[in-house]
1. Mean separation of Cα pairs under 8 Å and 6+ residues apart, divided by the residue count of region B:67-267: what relative contact order is that in percent?
2. What is the extension gain from B:Ser120 to B:Thr107, computed as 0.36 nm multiplied by their sequence separation minus the C-alpha to C-alpha distance, in nm to one decimal?
3. Summarise the partner chain shielding of A:78-90 as one whole number: the mean count of Cβ atoms from other chains within 10 Å of each residue's Cβ.
4. Efficiency by 1/(1 + (r/R0)^6): what FRET value for B:Gln65 and B:Val6, r their Cβ-Cβ distance, R0 = 60 Å, to the nearest 0.05?
5. Just how large is the dipole of region B:67-267 about the Cα centre, in debye to the nearest 20, putting +1 at every Lys and Arg Cβ and -1 at every Asp and Glu Cβ?
6. Please identify, among B:Asn369, B:Asn44, B:Asn292, the residue showing maximal mean-square fluctuation in a Gaussian network model of chain B using a 10 angstrom Cα cutoff.
7. Using R₀ = 30 Å, calculate the FRET efficiency as 1/(1 + (r/R₀)^6) where r is the Cβ-Cβ separation of B:Leu21 and B:Asn369; round to 0.05.
8. If R0 is 25 Å, what FRET efficiency do you get for A:Gln62 and A:His200 from their C-beta distance, rounded to 0.05?
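Values in this text are rule-based calculations from the coordinates and carry no lab data. The shown structure was predicted, so the numbers you read here are calculated from the model rather than taken from an experiment. Glycine gets a Cβ as well: all are built from the backbone with ideal geometry, and neighbour counts include every protein chain shown.
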Amino acid sequence: MILEMKNVYKDFPQGDFTVNVLKHINIQIQEGDYVAITGPSGSGKTTMMNLIGCLDSVTKGQMILDGEDVSSYTDNQLSDLRLHKIGFVFQNFELLGQKSAIKNVCVPLAFAGVPKKEQMERAKEALERVGLGERLDFKPNQLSGGQKQRVAIARAMINRPRILLADEPTGALDSASGKAVMELFQQLNDEGTTIIMITHDADVAAKAKRRAVMRDGILTSDDETLVPPYEGEEVPENDQ
Amino acid sequence: MRENLVEALQEIWSHKMRSFLTMLGVIIGIASIIAIVSTIKGTNDQIMKDLVGKGNNNVSISLYQGDYEYYFEGDTVSEITQVTEEQQEEIRSIEHVEDATFYNSRTYVDNISAGSKVLSGGKIYGIDTHYLNTCGYVVYQGRAFVDIDYKKCNKVALLDSTAADILFPGENAVGQTLEISGEPFIIVGLYQQQTAFEPDIQNLSDYETYYTESYGTVLIPNVDWAICYKYDEPQNAFVRADDTENMSAIGKSAQKIMQECISSSGTDLTYTAEDLVEEAKQQQQLSNSTNNLLIWVASIALLVGGIGVMNIMLVSVTERTREIGLKRSLGARRRRILMQFLTESAVLTSLGGVLGVVIGIVMAVIISNISGTPVGISVPAIVVSVAFSMVIGILFGLLPSVKAANLNPIDALRRE
């Protein structure tokens, strides 16, 4: 198992009261899974992604990533997890504008302390894999949306993460580019990469092997592994 | 670190105008400080040169009565004996002493003549064998005094060219005879300053010290002094140091040894070393304290520059919030973000410092050309200035950098 969330809660204090954004989340994701987390706005998808991406920590419950309980990890430990075990793909690509495609892909390698020469070799290889071998030195403003997202995917995959985490990966793309990106995801998954994708788009979600639907901070359905409440535990009422 | 440096330079370059304007405070501050320091150093060097004289590290030790130099009028002085050979050798063996000479002298003499010509207002010295070497003289015609002149009290004399011209106009003086207090002396040679010895003449006092040839000078062996002036008078001394810096210490040591010649019972006679270095230092201190005030004023410009840097760095952090969020989500630790912004701030102010140094030197040269004060470029001042501007960058960059490092990656990524 690559990821397990056990009875996870996430609260955000807001003034005098607390907003319970995630409640009683139980999910298990196996290595090689391709999961789409869907749901309407405000259902807690993004908070879920932040937790899975180790950008935030749980208020209550346990999160086990690659066999490690990361629920109470320090900021530095979470940074290291993001660096080595998680690859992020964002809706708006989030490339560094002043850096070329290959330099953007090098960024996580630099954080990992990989020598400069090896950085360039590995980044070149990664860009060739996503079909951008001819665009290594192009700046983001010289690339199309689809190409930018492919650079972002190459960057996400560069440190060989255990999970590729994508937030609306086709949200800013035209349908042709979106399709190409989804094909790339499929290809990565076929090669064994675990993919967790957050999306509104039912067509995009349909490409995943497994869909989890969120509503009001609760995981309402997971067409493969609906984890029942733990024994003796009450499922909270929807109070959001 | 290298990555941070490259990124910092790229960031500075991508906002050239803004970076330059940010640096301006630091540039002005450092340029002012460098200009002031260069002028101070130039002035101080000049003071040292004016007073001490380039290439001449002689300390003069003379007999004083009260506040005035003792003037011999042909009387014996019972409270004082001559400086002995042993004492002379002791002085020559003081560390950093190159040579020392002990002499008797009279100025404004009127007892030297040749035929109808009188050397009025001239000088006469009774010298030992070290005099020419210590004072940088060389015999250019005839010969110097030799041991036998001293052993046999030969009545021989050396003249400078002025004295030769006054006493023997149009003639070769060597071999001729002159009279000192009625005693005949044979002129054996003519002497002059060595060409390598070039004291800087900056004022009348220098001129009197080094170029009094307009009145003419006569040298005789010190053993003949009593023949002309009745008594073996106590000597004065010139002690040559190997370096200007050592003059004060040597002067004090030699003065102490010579002081032993004066009996301690109720006399106001003293041997006093003319401490030109100390005098120069006092003058330098005066110029330093005035200019230190100016440095404080210039430091205010640096402080303002630092605040400008902090302001712009805060703007930069706000502008680049998404970039910070992205880097954090890609696995950058807080420390890395902190270092990135600190490096940028330090590079910015260091560049300002370097530019400031260059402009400061140019300013100093311009000031020097206008006001006539010399420029002394101080390498330590340059190094300290650049280092100091870097420290300003680090200090004033700290707050924005900590702010950047502490950004929550989720909020940072969400920021538009």
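1. So the answer I get is 33 percent.
2. Gain in length upon complete extension: 3.7 nm.
3. Mean partner-chain Cβ count within 10 Å for A:78-90: 4.
4. 0.20
5. 640 debye
6. Comparing B:Asn369, B:Asn44, B:Asn292 in the GNM, the peak value goes to B:Asn369.
7. The value I calculate is 0.55.
8. The calculated FRET efficiency here is 0.30.
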